[in-house]
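Trainee: Here's a structure for you.
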Amino acid sequence: MEKELINDLSCIVCKNERLIEQDNFLICEACQRHYPIIQGRPILTAAAAEKNNDAVKPLIEAASALQNRHLVPQWEHDPSFDDLENYYFNKLFPHFNRRDPHWSFLGRKVSEMVKSVPKGAKVLDIGAGECKYGALFQHCKYVGTDLVYSSDRHDFSRIDLLSDASALPFCEETFDVALNLVVMEHVPDPDLTVREMARVLKVGGLAYALIPLVRPEHLPPFDFHRFTRYGIERIFEKNGLQIEGIEGSNGALWTAAYYLNLIAQTTPLTRFGRRNLRGVLLNRFWRFALSPLMAYARWSNHNYGSEFPIYYWVRASKK
Ligand SMILES: [Zn+2]
């Protein structure tokens, strides 16, 4: 393991800031708890600390399945950042349409965020998953952490370590920037998650979060919450992060059009099957019928209904 990363780690139980690497374990010097290192990635969770074999076994299996550490893809040319929005869409989210107001909003926000982070800054991506944002932070020291479960659909092989968002294994005031992007709906205890994010940030450090107000249930059964603007303000302020700005990703009409389109696309297919001609034709019909509404919603996007976005984009600083 990298020396610098080990130096930033702390024991999640006794909070001691010295861990030693030995025989595929990270060992806490104070309480002697052993955290296993699998394929170069330490598992720093409560189950590992307490040697709860039933709970830690699936994590070890999932981590063992991550055979190759994929390197974060390099920029294909000098990143002038003018192309960042294009990069974001073409490389990171190829399946999403950049004409969708909420995705183009996110492209703009991510672009602004990356530009504002100085070279060499320490960036922690909490719930990093596939570490897609790592590609945008190559001028920084980027650390990705998540809990890994066996998944054919997602490639977690770029994460640096396994940990729980509500018990981060890092020393206080370690990071300049913390990312919490579409994670808050998946954590059992949002309060604790924000408190931990604040703890590992340096004073004046920035937290960025992307939090859904409305989204269909996803990643079952790990989908627990949706948040209003005022709920976000309360949780952040209460736990030591001062809100610098909360913006909705799009207006109400786009949210409505987006959902009608989503329902139209999935319902007949679900009912008749993907290969059934009737289902496919019905889907085509619905998409065609909805297209004027989609076009109008796109055009009038931010004109009204700011209290009904799909996501909130949050920027906050540690007090
Ligand atoms: Zn300890």
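Every number in this text was worked out from the coordinates using simple rules, so none of it is lab data. Nothing here was measured: the structure is a model prediction, and the numbers come from that model. Neighbour counts are summed over all protein chains in view; Cβ atoms, including those assigned to glycine, are modelled from backbone coordinates with ideal geometry.
Trainee: At q = 0.17 Å⁻¹, what is the log10 ratio I(q)/I(0) for the range 3-55, with the Debye formula run over Cα points and no solvent?
Mentor: Results for the range 3-55 at q = 0.17 Å⁻¹ read -0.44.
Trainee: When a footprinting reagent is the concern and you count Cβ atoms within 10 Å, what order do 164, 176 take, fewest first?
Mentor: 176, 164
Trainee: For the chain, what proportion of DSSP beta bridges, expressed in % and rounded to the nearest 5, is antiparallel?
Mentor: 60
Trainee: If you line up the long axis of helix 101-116 against the longest principal axis of the chain, both from Cα atoms, how many degrees apart are they, to the nearest 10?
Mentor: 30
Trainee: Over the chain, what per residue volume does the convex hull of the Cα atoms give, in whole Å³?
Mentor: Normalising the Cα hull of the chain by residue number yields 148 Å³.
Trainee: While we're looking at this one, here's another question. Which of the cysteines in the chain are isolated, no other cysteine C-beta under 4.7 Å?
Mentor: Those would be 131, 140, 171, since no other cysteine Cβ in the chain comes under 4.7 Å of theirs.
Trainee: Rg and Dmax of the range 277-319 over Cα atoms: what are they, in angstrom?
Mentor: Calculated on Cα positions, Rg and Dmax stand at 17.3, 58 Å.
Trainee: Restricted to Cα positions, what overall size does the range 151-218 have along the principal axes? Three whole-Å values, descending.
Mentor: 36, 29, 18
Trainee: What is the angle, in °, between the Cα long axis of helix 277-299 and the longest principal axis of the Cα atoms in the chain? Nearest 10 is fine, range 0 to 90.
Mentor: 90
Trainee: How large is the dipole of the range 3-55 about the Cα centre if only Lys and Arg carry +1 and Asp and Glu carry -1, each at its Cβ, rounded to the nearest 20 debye?
Mentor: Value, rounded to 20: 40 debye.
Trainee: Moving on. Would you be so kind as to identify which of 63, 259, 118 lies farthest towards the positive end of the dipole of the chain, taking Lys and Arg as +1 and Asp and Glu as -1 on Cβ and the Cα centre as origin?
Mentor: 259
Trainee: If you don't mind, there's one more thing I want to ask. When a footprinting reagent is the concern and you count Cβ atoms within 10 Å, what order do 137, 288, 25 take, fewest first?
Mentor: In increasing order of surrounding Cβ atoms, one gets 288, 25, 137.
Trainee: Kirkwood hydrodynamic radius (Cα pairs, Å) of the range 252-303?
Mentor: 11.3
Trainee: Beyond a 31 Å Cα-Cα separation, which of these cross-linked pairs lie in this structure: 57/109; 57/115; 15/238?
Mentor: 57/109; 57/115
Trainee: Right, next: Give the angle, between 0 and 90 degrees and rounded to the nearest 10, that separates the Cα long axis of helix 229-238 from the longest principal axis of the Cα atoms of the chain.
Mentor: 10
Trainee: Roughly how many whole Å is it from the C-alpha centroid of the range 256-293 to that of the range 121-140?
Mentor: Cα centres, the range 256-293 to the range 121-140: 36 Å.
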